[in-house]
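What follows is a single structure, written as structure tokens, with notes after it.
Readers should treat all values here as calculations from the given coordinates under stated rules, not as data from a laboratory. What you are looking at is a predicted structure, and each value in this text was computed from that prediction instead of being measured. Methodologically, a virtual Cβ is constructed for each residue, glycine included, from the backbone with ideal geometry; neighbour enumeration extends over all protein chains shown.
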Amino acid sequence: MSKTTYTPPKVWQWTPGNGGEFANINRPVAGATHEKALPVGRHPLQLYSLATPNGVKVTILLEELLEKGISSAEYDAHLIRITEGEQFSSGFVEVNPNSKIPALVDHSTQPPQRVFESSAILLYLAEKFGAFLPEAPARRTECLSWLFWQMGSAPLLGGGFGHFYAYAPEPLEYPIDRFTMEVKRQLDVLDRHLADNRYMAGDEYTIADMAIYPWYGALVKNRVYDAAEFLQAHTYTHVQRWADEIDARPAVQRGRMVNRTWGDPSEQLHERHDASDFEHKTQDKLD
């Protein structure tokens, strides 16, 4: 067990730059750091995001809505580079006072409706377009229970396990051990449920799957934190089966590309303003 001589002070004081890989954007106060308006494209739905797991949730849903033939779900996806502090612009803070991606503005309403928090955006869009949210009360309730399970569980995966395992200034046994135990428990929750269900809410693919997949599907596929071997992700066979099925969906493949700025260039689409942007990307790859 790691030993430490640290004793918390009576009154905590912020030390800028202390906190690992993302320390340069962390601070103990809210609000804007600079004046800058957000761009607005030609579609009613304007998304401001980055292809982190929370960002991918929303672009997957938007692409699934378009795949379903709902043309009014066309959208512009503007890149917000969070490592450069763009989420602290005055325009972004106006849309999301919490300065976290993703954030959405729906200009089809008057006045335009802002929506922040990723799963709130999923629920807003699913209700707006009448898709990917079961109508039957029991199934709807099951879907929403898993949607909110993700919201409560993922911070322990990301801010807990992910931070201490992959991003902290130095590895510390206690927090890594503590959060690893919890993440493996969460994976076991999912694996047991998916042993008896094709999707999170039964046989119907819903926003619950779109919320959970970018976190836990990516985890077992070793796309986040490079921790699949450490967690023995291959042992969660039902989660793997579920992730493989979702991986194969064309809308998911497109949604994972949007606002992505790292990895294979062929899997990146920094901004998305029209469906043809994907066609141009494919052509670039062929060329």
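For F22 and E67, a Förster radius of 22 Å and the Cβ-Cβ distance give a FRET efficiency of 0.05, rounded to the nearest 0.05.
For region 8-77, which trypsin sites (Lys or Arg not before Pro) are in a loop by DSSP, counting at most 11 other Cβ atoms within 10 Å?
Loop-located and lightly packed - K10, R42.
Helical runs assigned H by DSSP (4 residues or longer) give the chain a calculated mean residue ellipticity at 222 nm of -12000 deg cm²/dmol, each run adding -39500 (n - 2.57) before division by the residue total. Between W146, W14, W215, the GNM of the chain built on Cα springs shorter than 10 angstrom shows W14 fluctuating the most. Applying 1/(1 + (r/R0)^6) with r as the Cβ-Cβ distance of E170 and Q110 and R0 = 51 angstrom yields a FRET efficiency of 0.45.
Pick from H163, H270, H34: which residue has the top mean-square fluctuation in a GNM of the chain where Cα pairs under 10 Å get a spring? Fluctuation is largest for H34. Toward the positive end of the charge dipole of region 137-248, with +1 on the Cβ of Lys and Arg and -1 on the Cβ of Asp and Glu, the farthest Cα among T180, Y236, Y205 is that of Y205. Among G17, G202, G263, which one moves the most in a GNM of the chain with springs linking Cα atoms closer than 10 Å? Result for the chain, Cα springs under 10 Å: G263 fluctuates most. Among the GluC sites (Glu not before Pro) in region 130-205, those placed in a DSSP loop whose Cβ has at most 13 other Cβ atoms within 10 Å are E135.
Dipole orientation for region 1-116: of the candidates H34, L66, W12, W12 has the Cα lying most toward the positive pole (charges on Cβ; Lys, Arg +1; Asp, Glu -1).
Taking R0 as 35 Å, what's the FRET efficiency between K10 and E84 from their Cβ-Cβ distance, rounded to 0.05? Result of the calculation: an efficiency of 0.50. The packing ranking, built from the mean of other Cβ atoms within 10 Å per residue, places the peptides 187-200, 106-119 in the order 187-200, 106-119, highest first. Full extension of the chain between D188 and D203 yields a length gain of 3.4 nm, computed as 0.36 nm times the residue separation minus the alpha carbon distance.
Translational diffusion coefficient, Stokes-Einstein: compute it for region 137-248 using the Kirkwood radius over C-alpha pairs as Rh, at 37 °C and 0.692 mPa s, and state it as an integer in µm² s⁻¹.
230 µm²/s
Taking a ≥ b ≥ c as the square roots of the Cα gyration tensor eigenvalues, with a/c under 1.5 meaning rounded and otherwise prolate when a/b beats b/c, else oblate, which class fits region 22-127?
On the way: a/c = 2.13, a/b = 1.65, b/c = 1.29.
Prolate, because a/c is 1.5 or more and a/b exceeds b/c.
Under the criterion of Cα pairs below 8 Å and six or more residues apart, the relative contact order for region 131-287 equals 18 percent. Across the cross-link table entries K57/K221; K68/K100; K10/K184; K57/K281, which are compared at the Cα atoms, the separations over 23 Å belong to K68/K100; K10/K184.
Grab the Cα-Cα distance for S276 and D177, subtract it from 0.36 nm times how many residues apart they are, and report the gain in nm with one decimal.
Numbers: separation 99, 0.36 × 99 = 35.64 nm, distance 4.61 nm.
Gain on extension, S276 to D177, equals 31.0 nm.
How about region 2-78: which GluC sites (Glu not before Pro) there lie in a loop by DSSP and see at most 14 other Cβ atoms within 10 Å?
Sites meeting the loop and neighbour criteria: E21, E35.
Volume per residue, Å³, of the convex hull around the alpha-carbon atoms of the chain? Residue-normalised Cα hull volume stands at 159 Å³.
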